Amino acid sequence: MVFLPDDLCATILSRLPIKVFTSFKLVCKQWNSVIESQIFRDLFISQHQNTQSSSWSLIKGASNRTEFLAHYRCKTWGLERSLESYISSFISHKFENQRGKYRRGSVVAYSDAGFVLIDVSSYRYSGSTFEKRSLCVANPVSQECIEIDVPKAFENSGIFWPFGIATRTDNGVVISYKIVAYSSKSDVGYFVYSSETGLWSSLPYNFESCECNYTISLNGNLHWLSHSNDELVSMDFNATTMESGPFRYTAFPDLEKRVKFKRACTTYQGSLMYMNIVSQDNDDGSVDHKLCVWRLESWEWQLISEISTDLTETYFDYFPLRVDSLDATTAYFLSQKHQRLIAFNLRNGACLLRACLLHSGGPILRFLHHPNGSYFYSFVLPQWLYRLPRQHGEKSVDII
């Protein structure tokens, strides 16, 4: 292949999964140049845009993470393990005892660029003496990471909670990212770290904190549910002229109707989605139950699907998990009572999958643990391997 022109070399390599061709950059300068080029990125994304989804996982908790649903072995990434196994391997390798110090890392947020935000506590003498806190932005698959110091006032404090990371991308490259953190000190409030400046800044605005600390990172913004569960709170980093600063409040579209599930959102190819079963009384005394799906467009909810299926029966005890990452007509539901996963077609209401997956160990979609409650992190890998931007003195750690 040394004698092949770059365009033909790019065509061959673009047919391989991300996990495979990234290691080829070490073969020679030509291959590294080809794989790092914009032409190769465009060619790879074009080749894999119709493949069966990307790797994703649904995860409960932070320090005590539990992965209960995993999708992997897809053609885009070629991963043979679930995403949680990569996260655990990275944390185990990165934050182990070193020269009398003990470091503990807890994942506190996920981004749509495939990064995780880790809250790091450092101790001396086998964990008996607290030393300092820092944050780590990492790609658990490539094991590339950057460490960031917390604001000086909170280095030795437990009243500082990072809860979100938003990434801004352009043409296959991460341009910047922002980290949002909260302090319980009333005179401080919220902080934002910007990779463009390398600095923390305080927010002079009051806004409602996130429900259960579960945030959704999407298109450079952060979203979370209000404590009242009746509106979506969004942090729009592009909004600089609003009276409320970067914050937007979007009421859910079914507030005046009876709904079956506690409200929660999911994502689909760069869009925020919300689904619920809505009940409406008719004049003849009957009740209609319909599964409704909305998509957030220009900060308004647009109804994109409304069907009647077995899902809408009163005895139905499943709750929604997510819309499939590539197929907007497929949604996954889970029964806490029967520990059963099902998938439904949102166009015709047909059941696509109805099987107990506790013992299946399937090669593509695997049910690992049964979750308690309906709040969880959705970690979805993008269609391309994004690199972390390094600037303003951030500590770079070599890729393993």
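L135 - would you say it is modelled with pLDDT of 85 or more, part of a strand (DSSP E or B) and surrounded by 16 or more Cβ atoms within 10 Å (Cβ to Cβ)?
Working: modelled with pLDDT of 85 or more: yes; part of a strand (DSSP E or B): yes; surrounded by 16 or more Cβ atoms within 10 Å (Cβ to Cβ): yes.
Against the criterion (modelled with pLDDT of 85 or more, part of a strand (DSSP E or B) and surrounded by 16 or more Cβ atoms within 10 Å (Cβ to Cβ)), L135 qualifies.
Yes or no: S335 more than 21 Å from the chain's Cα centre (by Cα), open to solvent by less than 60 Å² (accessible area, probe 1.4 Å), of a type in the set (S, T, Y) and modelled with pLDDT of 80 or more?
Details: more than 21 Å from the chain's Cα centre (by Cα): yes; open to solvent by less than 60 Å² (accessible area, probe 1.4 Å): yes; of a type in the set (S, T, Y): yes; modelled with pLDDT of 80 or more: no.
Answer is no for this residue.
In region 1-18, which residue that is of a type outside the set (S, T, Y) and touching a Ser or Thr at 6+ places or on another chain (Cβ under 9 Å) is surrounded by the fewest Cβ atoms within 10 Å (Cβ to Cβ)?
Here is the first cut: in region 1-18, the ones of a type outside the set (S, T, Y) are 1-10, 12-13, 15-18.
This time we only want the ones that are touching a Ser or Thr at 6+ places or on another chain (Cβ under 9 Å), so: 6, 10, 17-18.
Details: D6: 14, A10: 21, P17: 17, I18: 23.
Result: D6.
Results for (1) open to solvent by 60 Å² or more (accessible area, probe 1.4 Å); (2) among the β-branched types (V, I, T); (3) at pLDDT 80 or above, shown as yes or no for each residue.
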{"site": "L321", "(1), (2), (3)": "no, no, yes"}
{"site": "L341", "(1), (2), (3)": "no, no, no"}
{"site": "I364", "(1), (2), (3)": "yes, yes, no"}
{"site": "H369", "(1), (2), (3)": "yes, no, no"}
{"site": "S374", "(1), (2), (3)": "no, no, no"}
{"site": "K395", "(1), (2), (3)": "yes, no, no"}
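Of all residues in region 249-285, which are touching a strand residue (DSSP E or B) at 6+ places or on another chain (Cβ under 6 Å), among the acidic types (D, E) and loosely packed, with under 13 Cβ neighbours inside 10 Å?
Hit for region 249-285 is D281, nothing else.
With the condition being within 30 Å of F261 (Cα to Cα) and at pLDDT below 85, I'd like the strands (runs of 3 or more DSSP E) fully within region 171-250 carrying at least 1 qualifying residues. Working first, answer last.
Numbers: elements: 173-183, 190-194, 199-203, 216-218, 221-225, 231-235.
So the answer is 173-183.
Can you tell me how many residues within region 22-49 are open to solvent by less than 70 Å² (accessible area, probe 1.4 Å) and not in a helix (DSSP H, G or I)?
Here the count works out to 2.
What do you reckon, is E256 at pLDDT 80 or above and on the phi < 0 side of the Ramachandran plot? Full working, then the answer.
On the way: at pLDDT 80 or above: yes; on the phi < 0 side of the Ramachandran plot: yes.
Judged against the criteria, E256 is a match.
The values are calculated or read from the model by the stated rules, or taken from the named source; none is laboratory data. The model shown is predicted, which means the values in this text are computed figures rather than measured ones. Note that we place each Cβ from the backbone using ideal geometry, even for glycine, and neighbour counts take in every protein chain shown. Side chains are part of the model used for accessible areas, which takes the heavy atoms of the whole protein and leaves out ligands, DNA and RNA. Shrake-Rupley method; radii C 1.70, N 1.55, O 1.52, S 1.80 Å.
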